[in-house]
Every structure is written in structure tokens, then in C-alpha cells.
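Structure record follows, encoded as C-alpha cells.
The values are calculated or read from the model by the stated rules, or taken from the named source; none is laboratory data. Bear in mind that the values here come from a model prediction, so they are computed numbers and not experimental data. All Cβ positions, even for glycine, are placed from backbone atoms using ideal geometry, and neighbour counts span all protein chains on display. Heavy atoms of the whole protein, side chains included, go into the accessibility calculation; ligands, DNA and RNA do not. Shrake-Rupley method; radii C 1.70, N 1.55, O 1.52, S 1.80 Å.
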Amino acid sequence: MRSLDGMTDTFTIGGDLEVRRLGFGAMRITGKGIWGPPDDPDEARAVLRRAVELGVNLIDTADSYGPEVSENLIAEALYPYPDGLVIATKGGLRRTGPGQWPRDARPERLKECCEGSLRRLRLERIDLYQLHSPDRAVPLEDSLGALKELQDEGKIRHIGVSNVSLDQLERSRELVDVVTVQNRYNLTDRHSEDVLEACEDAEIGFLPWSPVATGDLARPGGPLDEIAGAHDATPSQVALAWLLARSPVMLPIPGTSTVEHLEENVAARELHLTDAEVDGLGAAIRGRSPA
Ligand SMILES: NC(=O)c1ccc[n+]([C@@H]2O[C@H](COP(=O)([O-])OP(=O)(O)OC[C@H]3O[C@@H](n4cnc5c(N)ncnc54)[C@H](OP(=O)(O)O)[C@@H]3O)[C@@H](O)[C@H]2O)c1
């Protein structure tokens, strides 16, 4: 499907999983601090069902969201899964309390995480399994070696990495076939620009996390506020539309606990910014006037 600005609405992950580029991040359907059940589990399940109804077919989660809560809710709300729904999960972080995320990417732990995700998601094979974060205490070779073994056993279809530097991405690609990268990236945080460019060159999907963060750019009268006003849109929608326009490999996964915000976010698929607006926002982020 091709959108008005010539950018395709879909991306094919790993050469065989075609998804709409705007996905859903299922981290926010848990309790405060991404710990325990959500305040309103019915609303959380409704968000998941509505996402699928609206044509979202890429859902990102992790065993550590809750922990276990997000994956359980996905299965409760959506199993048996509709054809073409790609559930991407991750392993490699432990949870020791609200807001705490110590890394643990030892091979035995990753295998345990994957088995748990398969069980909770009621899947025989996970379409996209991501190393949540490299663990300084464990060689990358060992962590990714475990994922490769899971792939060879048929428990994982594709491997992704998350929170990686350019050097870590390059090393990962020497070890396994990396089909996606998930790093923090949004209008106000573009530290992963070099990683994004490497993904573009290699046609690797890039899942920017924290995609709706806008910070000071959304202040009344600020650049985002002005563009949002011109399109009768919200700053969050402009932030998502900017990401979609930024690269054909960009797969934003905005997260929310409400149907209202979900609908608003998904509608950003229809918001097409002009080249001048895309460039202007890029320049505003770099702290100078648009050229
Ligand atoms: N790999 C990693 O290390 C990592 C780290 C963090 C996140 N992630 C993934 O990335 C996904 C997205 O990241 P994120 O959840 O941190 O950031 P986000 O999607 O940019 O923002 C989510 C926050 O913004 C609010 N929000 C969402 N849509 C909104 C709207 N239209 N208007 C106003 N507020 C809105 C949500 O609150 P409401 O619930 O009130 O809508 C929530 O607090 C996560 O769900 C997770 O799948 C990955």
C-alpha cells in the first residue's frame, strides 16, 4: 500500500512478515512502573482488540512487562490470533520491582524467558524475538548464540536486537541475521541516528521506542504546536507522522492504556506532513532554523 507522500504504509520484516508500519507497544497496559496488573484490565483488553480492528498487525511486548502481565493480556484478548498478526516479544531483563530492570542475558535465562513467552502467548513459534538489551556481564556471542539455538529449534522465526549501539549492531549482524532493531528514538532524542541509518542501508526494521515524546517542541506556539494546528491534529500525531515520514524502515510502536489515545495514535497513519514540515521539525530538533 502506498501513501500520498510515496512512502509505503507497510514494511516486510525479515523478508516474509509484512506489517503495517504503525504498530502498538503493549508496555503501557500494565500497572504503574510497568509492574503488576493495570488499573483497568477490561480497558487494556479493549485497547488490544481495537488496535487489531484498526488494522494494526505489529504488537510489541516483553516477558518483563508486568512481568508477564502484558503477554497474558495479549493472549486473553486476541487468541486465537488473526492471520498476519505479528507479536514481537523480548527477553533479557529481570524485574525486581516497579521501574527496576536489571539485565540478565545469560543463555540459560534467555531460553527460560522464551519458553515462558511461548507458553503465555500460546504460540509454538514467536515471529520476532528480540534481545531486550545487551548485558555487559555476558558476551554478545553467548546471548545471541542462545537466540540462534532457539531459532534452529523452530521456537523463534526471526531475531531482533534492542538498545544497541552501532558497534553492537554490527557485531550482532556478524553472529545472526538481525531483522529489526528497537532503540529509543523520537523527535527530541535522535541519539540512535547512526543506528537508524545502518538499518536503512540494510533494510532492517527500526522500532523507535518512546515515539510520542515531544518535550518542549509541543509548547504552545512551538514548532510542533503550529504544525499540529495547521493539520487539525495533535502533537502526538505529528510526532508519529514525522517518524513515519523519516524513514521507510521506521516501525513506531506507540503505547497507551486507553482506547481514546490508541485511536488518536493510529489516525496518525493518515496524517501526511509536507517535506518542508518534516525538514523544519528536523531542524528545530537540532536547535536551528529550517533551511
Ligand atoms: N526496548 C526497550 O527497552 C523499550 C523501552 C520502552 C518502551 N519500549 C516499547 O516501546 C513502546 C512505546 O514506548 P513508551 O510506551 O515508553 O512510549 P510512548 O509510546 O511514546 O508513550 C507512551 C506514554 O504516552 C502516553 N500517550 C500515548 N499516546 C498518547 C496520546 N495520543 N496523547 C497523550 N498521551 C499519550 C501514554 O499514556 P496513556 O496510557 O495515558 O495513553 C504513555 O504514558 C512500549 O509500549 C514498548 O512496547 C521498549
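Taken over the alpha carbons of region 144-256 as equal point scatterers, the Debye sum produces base-10 log I(q)/I(0) values at 0.14 Å⁻¹ of -0.62. Along the Cα-to-C-beta direction of residue 35, a point sits 7 Å from the Cα; which residues of region 93-110 have their amide N less than 15 Å from that point? So the set is 94-102. Would region 126-173 count as rounded, prolate or oblate if I go by the C-alpha gyration tensor, calling it rounded below 1.5 in a/c and otherwise prolate when a/b exceeds b/c, oblate otherwise? Since a/c reaches 1.5 and a/b is larger than b/c, the shape of region 126-173 is classed as prolate. Mind giving me the FRET efficiency for residue 166 and residue 112? R0 is 35 Å, r the Cβ-Cβ distance, nearest 0.05 is fine. Computed FRET efficiency for residue 166 and residue 112: 0.75. Full extension of the chain between residue 100 and residue 7 yields a length gain of 29.7 nm, computed as 0.36 nm times the residue separation minus the alpha carbon distance. Of all beta bridges DSSP finds with both residues in the chain, what is the antiparallel percent, to the nearest 5? Restricted to the chain, the bridges split so that about 25 percent are antiparallel. Taking the 1.4 Å solvent-accessible surface of region 17-70 as the whole, the part contributed by carbon and sulfur is 46%. For the chain, the per residue solvent-accessible surface stands at 43 Å², with DNA, RNA and ligands left out and a 1.4 Å probe. Exposed loop sites are taken as trypsin sites (Lys or Arg not before Pro) in a DSSP loop (any state but H, G, I, E or B) with at most 11 other beta carbon atoms within 10 Å; the longest stretch of the chain without one runs 137-285. Annotation: average projected area of the chain is 14.5 square nanometres, based on the convex hull of Cα atoms across all directions.
Over the residues of the chain, the helix contribution to mean residue ellipticity at 222 nm works out to -11500 deg cm²/dmol, using -39500 (n - 2.57) for each DSSP H run of at least 4. Given a 1.4 Å probe and the protein chains as shown, residue 35 ends up with an accessible area of around 90 Å². Stretching residue 152 away from residue 189 to a fully extended chain increases their span by 9.7 nm, per 0.36 nm per residue minus the current alpha-carbon distance. What part of the accessible area of region 162-282, given as a whole %, is carbon or sulfur when the probe is 1.4 angstrom? Carbon and sulfur: 45 percent of the exposed surface of region 162-282. At the residue level, residue 24 shows approximately 0 square angstrom of accessible surface with a 1.4 angstrom probe and all protein chains present. In order along region 92-109, the phi-based Karplus estimate (6.51 cos²θ - 1.76 cosθ + 1.60, θ = phi - 60°) of 3J(HN,Hα) comes to x, 10, 9, 10, 10, x, x, x, 10, 9, x, 7, 7, 10, 5, x, 5, 5 Hz; Gly and Pro are listed as x.
Cross-link partners for residue 90 among the lysines, with Cα-Cα distance under 18 Å and sequence neighbours closer than 8 places in the same chain left out: 111, 148, 155. Using a probe of 1.4 Å on the protein chains alone, the accessible area found for residue 285 is around 40 Å².
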